[in-house]
Amino acid sequence: MIPGVSSRKRFSDLAEQEVLALAISSEEDDAQIYRSYAQRLREDFPASAAIFDGMAVEEDEHRRRLIDLHQSRFGDTILLIRREHVAGFYARRPVWLIENLGLDRIRDEARQMERDAQRFYETAAKTTTDAATRKLLGDLAAAEAGHSERAVELLEEKVSPDADTEEKDAAHRQFVLTWVQPGLAGLMDGSVSTLAPIFAVAFATQNTWTTFLVGLAASIGAGISMGFTEAASDDGQISGRGAPWKRGVASGVMTTLGGLGHAMPYLITDFWTATIIAIIVVFIELWAIAWIQNRYMQTPFFRAAFQVVLGGALVLAAGILIGSG
């Protein structure tokens, strides 16, 4: 192989046997992907899992028909050719990437899979000269086009309106438990706990660069601490709060961002300009926390605003007083 030159074949250069072999391996892969989605969803979303089980059965039937055609035309030995061997051929995203993005994202990915497969069969049917092969590929293109309708049928069979509502509610609760709750805790910690040291240093030294360095160190240190604490506190198996690493990332990142928000203005060299902007940022952060509490945690907005803004204002005042003294 010449470095820098792709070793993959172009689709237009594939022989009919290779096209059939590619179709067979693609159907095998898609069936496995659907079963992986079903397995991922089975515990929390059994009705949706049943949909993907049904889609996997459809792909198995396509594969069987393709194998029968291959045996009749080319014998029992199927060439080993897969998507990654063909230049410009559609690719599938890794299952681990999609399955962690929620129920609606998985459904969207499945619809895209069906559209990709439909285009493949339509293109393949135009390149073959064998009538039986052309007919089968055309039938499969129509079948893939109808998969969206089949998915709707399966949804009607397996998912009642009440079940669909329950699944969406469960997905929302899981999102809140895994991402919003630890992220909110991190944002509150990063926004409030770093106020006192940052503003104490600011008013004690009136040196913006020193203040920024202290804020940067405090934010990153707090983010690392909160991230590891959240990840180690609960493995999620019993509580159902989700994977520890997800919660740790949410908590750690939001803690760091909460502290950096009012540290970044001290990159401005003028002390009072930087301080006024930092104080404005603090109140924006505190109101954002109150909004998130109201939006996702059902905390009455004015109660959340009173608790968060008052608490943050007290910490801010403490930092200023300590630094000024």
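Each reported figure results from applying straightforward, stated rules to the coordinates on display, with no laboratory input. Computed from a predicted structure; not experimentally measured. Note that each Cβ is placed from the backbone with ideal geometry, even for glycine, and that neighbours are counted across all protein chains shown.
A few remarks follow.
- Panel order for PHE89, PHE301, by other beta carbons found within 10 Å of each beta carbon, from fewest to most: PHE301, PHE89.
- Where only alpha carbons of the stretch 171-324 are counted, the Rg and the Dmax (Å): 16.1, 52
- Counting neighbouring beta carbons within 10 Å and listing from fewest to most, the residues LYS246, LYS135, LYS126 come out as LYS126, LYS135, LYS246.
- Prolate/oblate/rounded call for the stretch 1-78, Cα gyration tensor, a/c under 1.5 rounded: oblate
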